[in-house]
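Comments concern the structure below.
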Amino acid sequence: MYTIYHNSRCSKSRAGLEYLKSKSSEIEIITYLKEENAFTIESLTEILKKLNKKPVELVRTHEALYKSDFKGKDFSDTEWIQILVNNPQLIQRPIVVKNDKAVLANPASELDSLL
C-alpha cells in the first residue's frame, strides 16, 4: 500500500498521483489540506525519517506565508515540524510513503525508487 499526501490543486501533486496510479492500484490518498490532522508532530517526524530529510527541506519557500512569517528566521527542527503541522500548505508535495521509505515525488519519476 502506497500513501500519497496529495493536493489536487497542485499540478506536480496531480502528476505524482497519476504516475503512481499507473504503477499500482493499492493507494491511500490523503488530501492533507482538507483533512484535519492529516499531519501530526509524530506522523511528520516519522515521514521525515523515512524521507531522510530535515524539516526545513520540505518547506515551500515561494509561498507568501513563508515569505511573510518565516523567511530569514532561524528555527530548530522541532520548531519547523510544529510550523509545518500548523501550516501544511508550506509542505512540498506530493509525499509518497510505502512501508519504511518515502519520497518527495517531484518530479513524479522519483517514485521509481519506491516501486
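Every number here is computed from the coordinates shown, using simple stated rules; none is lab data. Values in this document were obtained by computation on a predicted structure and should not be read as measured data. Don't worry about glycine lacking a Cβ; one is built from the backbone with ideal geometry, like all the others, and counts go over all protein chains shown.
Values computed for the structure shown
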item: The stretch 27-65, residues that are of a type in the set (S, T, N, Q) and either within 17 Å of Tyr2 (Cβ to Cβ) or touching a Pro at 6+ places or on another chain (Cβ under 7 Å) (or both); result: Thr31, Ser43
item: Selection within the stretch 3-28 - touching a residue at least 40 places away in the same chain (Cβ under 8 Å) and within 15 Å of Asp112 (Cα to Cα); result: Thr3, Ile4, Ala15, Gly16, Leu17, Glu18, Tyr19, Leu20, Lys23, Ser24
item: The stretch 62-102: number of residues that are at negative phi and either surrounded by fewer than 14 Cβ atoms within 10 Å (Cβ to Cβ) or among the charged types (D, E, K, R) (or both); result: 19
item: Ser25 among the small types (Gly, Ala, Ser), loosely packed, with under 12 Cβ neighbours inside 10 Å and assigned to a loop (DSSP other than H, G, I, E, B); result: yes
item: Verdict on Ser11 being within 16 Å of Arg60 (Cβ to Cβ) and of a type outside the set (Val, Ile, Thr); result: yes
item: Inter-residue pairs, beta-carbon under 8 Å, first more than 24 Å from Arg9 (Cβ to Cβ) and in the stretch 65-94, second charged (D, E, K, R), 6+ apart; result: Asp77/Lys54
item: Selection within the stretch 1-58 - within 15 Å of Leu90 (Cβ to Cβ) and aromatic (Phe, Trp, Tyr); result: Tyr5, Tyr32, Phe39
item: Filter pass, Val59 being over 26 Å from Leu115 (Cβ atoms), surrounded by 19 or more Cβ atoms within 10 Å (Cβ to Cβ), in contact (Cβ under 8 Å) with a residue 40 or more places away in the chain and not basic (Lys, Arg); result: no
item: Residue among Arg93, Arg14 that alone is assigned to a loop (DSSP other than H, G, I, E, B), within 22 Å of Met1 (Cβ to Cβ) and among the basic types (Lys, Arg); result: Arg93
item: The listed residue being touching a residue at least 24 places away in the same chain (Cβ under 8 Å), touching a helix residue (DSSP H, G or I) at 6+ places or on another chain (Cβ under 7 Å) and surrounded by fewer than 16 Cβ atoms within 10 Å (Cβ to Cβ), out of Thr40, Thr31; result: Thr40
item: Top-ranked residue of the stretch 39-90 - restricted to ones that are of a type in the set (A, V, I, L, M, F, W, C) and assigned to a loop (DSSP other than H, G, I, E, B), ranked as nearest to the chain's Cα centre (by Cα); result: Phe39
